[in-house]
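Below is one structure, written out as structure tokens, with a few remarks after it.
The values are calculated or read from the model by the stated rules, or taken from the named source; none is laboratory data. Note that this is a predicted model, so its numbers are computed, not measured. With ideal geometry, Cβ positions are generated from the backbone for all residues, glycine too; neighbour counts draw on all protein chains shown. Quick note on the areas: whole protein, heavy atoms, side chains included, nothing else; ligands and nucleic acids left out. Shrake-Rupley method; radii C 1.70, N 1.55, O 1.52, S 1.80 Å.
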Amino acid sequence: MYSRNKIAVASAVCSLFAGGLSTGVIGAAEAAGTAEVAGVAGTAGTTGATATPAQIEIAGAMRRAFDWQITHRTTDKDVDTSSGPRGWVHGAFMTGVMEAYRTTGDAAYLDYAWKTGGGNSWKPGPRPEHGDDHVIGQSYLELAEIDRDRADIKPIVGTFDRLLAEKHDGAKLLWWCDSLYMQPQVWARLTKVTGDPKYLAEMDRLYWESHGFLYDRDEHLFFRDKGYMPHDRDFKPVRVKNGRNDYFLERNGKKMFWSRGNGWVFAGLPRIMDYIPRDDPRRARYEALFKEMAARIVGLQSPDGLWRMGLLDPAAYGHGEESGSAFFIYGLAWGVRTGLLDATVCHPAVERGWRALRACQQPGGMVGYVQPIGAAPGKHSENTSQEYGTGGFLLAASEMYKLNAAGQPAFVAKPALEATGQRAYQVVVLTRIMEPMLTAAAGGMLKEKLPKIDTPRDRFAPLEALGRGLAGIAPWLELGPGDDAEGKLRARYIDLAVKAIRHSTDPESPAYVLFDERGQPLVDTAFLAQALLRAPEQLWGNLDGRTRANVVAALKISRKTKPGKNNWELFSATVEAALLKYTGECDMKPIETAVNDHNTWYKGDGAYGDGAQFHWDYYNSFVIQPMLWEVLEVCAEKNLPIAKHLPEIQKRARRYAVVQEMLISPEGTFPIIGRSSCYRFGALQTLSLVALRNQLPPTVTPGAARSALNAVIKRMIEAPGTFDKNGWLQRGVVGDQPQMAESYINNGSIYLCTFGLLQLGLPPDDPFWTEPGRPWTQQRLWSGEDMPADHSI
């Protein structure tokens, strides 16, 4: 069912076909509608059931994280120390491993757990009274639940029987907040495995004695330990050598509450409550604490979805921290799934947090932005990882897997008005740019109808318009037809695109465009190849056999042009990548040369030279970054050795995307520098591509990126003179500015502006299109907001 607002969007789009599109119609489209977007929520996991697409994606992320971590262990030595495989770092990782197994049923997790237990001789860590050295026992006991005869629990039982006999004061035994994740859950699991209630009773006594000591009832958060309590009579603050604040107070003067420390406590509560029956009167107290903490934690989430290392002074810490955030997301998702927390409040926080966590994971599987071992906020980066951070990631992912199970009650999120309107607006912009050109090409009349200009390169214009225009809209086309207004529009444009390719690549047709010449045709043959890579189902998949053969022949013709030592190498590489994908055969030399040379030409901080020299223009975005990424994606799909460079290429592109977002002024403009400025907002292609691939770093929220891109598109597309009287795109940056066009730019070249619309390839229910709009970096800065400084990579 469609709301009146959706009908308004459809009307704005359809009016294009009734005599052109005015600025007023564009404005109407932007203002239209708050479509209801359904997410998913649920109860139990789906081990053994058919996995949904979302679950398949989540399980893949989990397995990549696990596989990376077990080959990059930091705890595989020093067996008899607390830093070895029996210590808390590896023990915390194992809590995530076991949860991943129970959730997905993947035997790799279980096999690893059995090997760990046996390799440790089923012993806890070496310190019998230290909670950190007990956490490994959680996985031993969970294995005992699976196979009581195979798991040897005697060492754990012996350790905890001694603790039980010694009757410790909980505030002294569990004197730091981390311990509330490490030890109580072992007591609870001992009761489950042995059937003896004394362990659960002892856990309950110790827990609440520790809680009484560490919990701040005003802030609803836990101090790390006694040294962080300014109200304690024994508090002795340590001065920062070069600062004025007490070490255990934040820069803004507030108490210091460590993110990961509170994450340990919050994530530990579900892992206790899972072992306390619902009718047990002791459970209510844990539920109350959990709800109280959850309300505070949700309120402290940063707009990017992560939490900062110091919870009460987020401006002091820069990028969000993964491990504390992962534990918060796990707990909140568990609370939503079990019905203990209000889904209308907490589910959006879970979704934002999970998206941000995924952005912390590198393509190779490593989970970054993990604060190293410590007892207070510290330094971290994209490349800091630790086993406990991966364990937290597996826990959070496990709950997200369960929330995305088939048949679970849908969670309805209502995107902000501007979110739906901005998508509708950009669809209208796409159609206004493409309609005259694509209808002409589909009718075999592009060479006749494309406006001509008197330049030596005008004969290449039809191929340029076709290749560039299709490459820009291909991700949107790849969403496929649909029953709504946008889906029906896509169906029409898919049909037009397929017809346009058929006419333009048929050597026997008068509409055949100029492939067979050295030089410029290589460039736009590559853009046509890029379009096919971006829409394998809707473009390549809809071509008949004869047209496919014609396309392959056209791609191969471009081999007669040998590129120079600059970005042109990537045109040859992209052509070969398309041939590799669709024929299984290619010339690998251009691909290897392009990748290796660009690695040599990398200048640092996300930027490449165009050849050996750096050029201050946007060719990093027009060509270099996107084509490197997409060529190597094909190589990764084919398991080729050259694909080993993909993670680093993506890392550089993410940094360049951050820079591009920061270049957008508060008014929605960006610096116009260098050649090819008439490609307009195509200059922001790398930002669009990183958004399309769901790899925006947490410092760039989807709502901010969308709002920034939309502001730029609007400033440029609505400038008088952008289109001629017949609706064709004209040369210029802000309107009709032919003097801005270099001699190689014709009325076909400028269709590269569509590369700034790649984000339309994200479905309407993606967070990019549903999150509330947020101010982008320069808006925040120039409004006076205190925010972390930018840093290079």
Original post:
So is Asn710 open to solvent by less than 50 Å² (accessible area, probe 1.4 Å), over 30 Å from the mean Cα position of the chain (by Cα), closer than 26 Å to Gln625 by Cα and in contact (Cβ under 8 Å) with a residue 60 or more places away in the chain or not?
Top reply: no
**OP:** Using the structure shown, decide if Gly756 is at pLDDT 90 or above, open to solvent by less than 50 Å² (accessible area, probe 1.4 Å) and either of a type outside the set (Lys, Arg) or on the phi < 0 side of the Ramachandran plot (or both).
**Re:** yes
**OP:** Output the number of residues of region 362-404 satisfying the condition of being within 17 Å of Ala92 (Cα to Cα), open to solvent by less than 10 Å² (accessible area, probe 1.4 Å) and of a type outside the set (Ser, Thr, Tyr).
**Re:** 14
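Take the residues in region 251-270 that are open to solvent by 30 Å² or more (accessible area, probe 1.4 Å) and out of contact with any strand residue (DSSP E or B) (no Cβ under 8 Å at 6 or more places or on another chain), then tell me which one is nearest to His380 (Cα to Cα). Working first, answer last.
Filtering region 251-270 for residues open to solvent by 30 Å² or more (accessible area, probe 1.4 Å) gives 251-255.
Applying the additional criterion that residues be out of contact with any strand residue (DSSP E or B) (no Cβ under 8 Å at 6 or more places or on another chain) yields 251-254.
Numbers: Arg251: 18, Asn252: 21, Gly253: 23, Lys254: 22 Å.
It comes out as Arg251.
Determine, yes or no, whether Asp133 is acidic (Asp, Glu), within 16 Å of Gly84 (Cα to Cα) and modelled with pLDDT of 95 or more.
Details: acidic (Asp, Glu): yes; within 16 Å of Gly84 (Cα to Cα): yes; modelled with pLDDT of 95 or more: yes.
Answer is yes for this residue.
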Subject >> Residues located in region 596-623, provided they are open to solvent by less than 20 Å² (accessible area, probe 1.4 Å), of a type in the set (Phe, Trp, Tyr) and under 25 Å from Gln361 (Cα atoms) >> reply: Tyr608
Original post:
Which pairs do you get when a residue that is touching a residue at least 60 places away in the same chain (Cβ under 8 Å) and within 19 Å of Lys449 (Cβ to Cβ), found in region 737-759, comes within reach of a residue that is of a type in the set (Asp, Glu) and open to solvent by less than 10 Å² (accessible area, probe 1.4 Å), reach meaning Cβ atoms under 6 angstrom, with the pair 6+ apart or on two chains?
Top reply: Gly748/Glu464; Ser749/Glu464
Original post:
So is Ala636 open to solvent by 10 Å² or more (accessible area, probe 1.4 Å), out of contact with any Asp or Glu (no Cβ under 7 Å at 6 or more places or on another chain) and not charged (D, E, K, R) or not?
Top reply: yes
Subject >> Filtered residues of region 319-332 (kept if within 17 Å of Tyr401 (Cβ to Cβ) and out of contact with any Cys (no Cβ under 8 Å at 6 or more places or on another chain)) >> reply: Ala326, Phe327, Ile329, Tyr330, Gly331
Original post:
Which of (1) part of a helix (DSSP H, G or I); (2) out of contact with any helix residue (DSSP H, G or I) (no Cβ under 7 Å at 6 or more places or on another chain) does Val690 not meet, given it meets every other one?
Top reply: (2)
Original post:
Considering region 587-626 alone, what residues qualify as being among the hydrophobic types (A, V, I, L, M, F, W, C) and not in a loop (DSSP other than H, G, I, E, B)?
Top reply: Met588, Ile591, Ala594, Val595, Trp601, Ala607, Phe622, Val623, Ile624
Original post:
Which is in a helix (DSSP H, G or I) and without any contact (Cβ under 8 Å) to a residue 60 or more places away in the chain, of Ala349, Ala356, Ala315, Ala326?
Top reply: Ala349
**OP:** Take region 175-203 and flag every residue that is among the aromatic types (Phe, Trp, Tyr) and out of contact with any helix residue (DSSP H, G or I) (no Cβ under 6 Å at 6 or more places or on another chain).
**Re:** Trp175, Trp176
**OP:** Six or more apart or on different chains, Cβ under 6 Å: which pairs go from a residue in region 197-220 that's in a strand (DSSP E or B) to one that's buried (at least 16 other Cβ atoms within 10 Å of the Cβ) and basic (Lys, Arg)? Could you list them?
**Re:** none
Original post:
Given (1) in contact with a Pro (Cβ under 6 Å, 6 or more places away or on another chain); (2) assigned to a helix (DSSP H, G or I); (3) not hydrophobic (A, V, I, L, M, F, W, C), where does Gly756 come up short, assuming only one miss?
Top reply: (1)
Subject >> Within region 431-456, considering residues that are touching a Pro at 6+ places or on another chain (Cβ under 7 Å) and assigned to a helix (DSSP H, G or I), the one least open to solvent (accessible area, probe 1.4 Å) >> reply: Leu446
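Answer with yes or no whether Arg459 is in contact (Cβ under 8 Å) with a residue 24 or more places away in the chain, of a type in the set (Lys, Arg) and buried (at least 24 other Cβ atoms within 10 Å of the Cβ). So that I can check it myself, show each step before the final result.
Working: in contact (Cβ under 8 Å) with a residue 24 or more places away in the chain: yes; of a type in the set (Lys, Arg): yes; buried (at least 24 other Cβ atoms within 10 Å of the Cβ): no.
Judged against the criteria, Arg459 is not a match.
Restricting attention to region 207-256, which residues are closer than 18 Å to Gly268 by Cα and either among the acidic types (Asp, Glu) or modelled with pLDDT under 80 (or both)? Give the steps one after another, and end with the answer.
Applying the first criterion (closer than 18 Å to Gly268 by Cα) to region 207-256 yields 207-216, 220-225.
Correct list: Glu209, Asp216, Asp225.
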Original post:
Looking at (1) open to solvent by less than 10 Å² (accessible area, probe 1.4 Å); (2) closer than 25 Å to Asn567 by Cβ; (3) within 15 Å of the chain's Cα centre (by Cα), which is the only condition Arg693 fails?
Top reply: (1)
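From Met273, Met309, which residue is more than 18 Å from Trp176 (Cα to Cα) and either open to solvent by less than 30 Å² (accessible area, probe 1.4 Å) or at pLDDT 95 or above (or both)?
Met273
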**OP:** Report, ordered by the first and then the second residue, all pairs with beta carbons closer than 6 Å, sequence separation of six or more or different chains, a first member in region 767-793 that is touching a residue at least 60 places away in the same chain (Cβ under 8 Å) and closer than 14 Å to Thr420 by Cα, and a second member that is open to solvent by 60 Å² or more (accessible area, probe 1.4 Å) and part of a helix (DSSP H, G or I).
**Re:** Gly773/Glu418
**OP:** Pull up region 769-786, narrow it to residues that are farther than 20 Å from Ala485 by Cα and either basic (Lys, Arg) or within 15 Å of the chain's Cα centre (by Cα) (or both), then point me to the one that is least open to solvent (accessible area, probe 1.4 Å).
**Re:** Glu771
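Within the group Pro626, Pro698, which residue is at pLDDT below 95, open to solvent by less than 20 Å² (accessible area, probe 1.4 Å) and not hydroxyl-bearing (Ser, Thr, Tyr)? Break it down into steps so the answer makes sense when it comes.
Working: Pro626 fails: at pLDDT below 95.
Just one listed residue meets the conditions, Pro698.
Here's the yes/no breakdown for (1) of a type in the set (A, V, I, L, M); (2) free of Cβ contacts under 8 Å to residues at least 60 places away in the same chain; (3) surrounded by 21 or more Cβ atoms within 10 Å (Cβ to Cβ):
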residue: Ala485; (1), (2), (3): yes, no, no
residue: Lys488; (1), (2), (3): no, yes, no
residue: Lys499; (1), (2), (3): no, yes, no
residue: Val523; (1), (2), (3): yes, yes, yes
residue: Phe527; (1), (2), (3): no, no, yes
residue: Leu532; (1), (2), (3): yes, yes, yes
residue: Ala553; (1), (2), (3): yes, yes, no
residue: Glu569; (1), (2), (3): no, yes, yes
Original post:
Taking region 54-88, which residues are within 22 Å of Gly368 (Cβ to Cβ), open to solvent by 10 Å² or more (accessible area, probe 1.4 Å) and within 28 Å of the chain's Cα centre (by Cα)?
Top reply: Glu57, Ala59, Gly60, Arg63, Arg64, Asp67, Trp68, Ile70, Thr71, His72, Arg73, Thr74
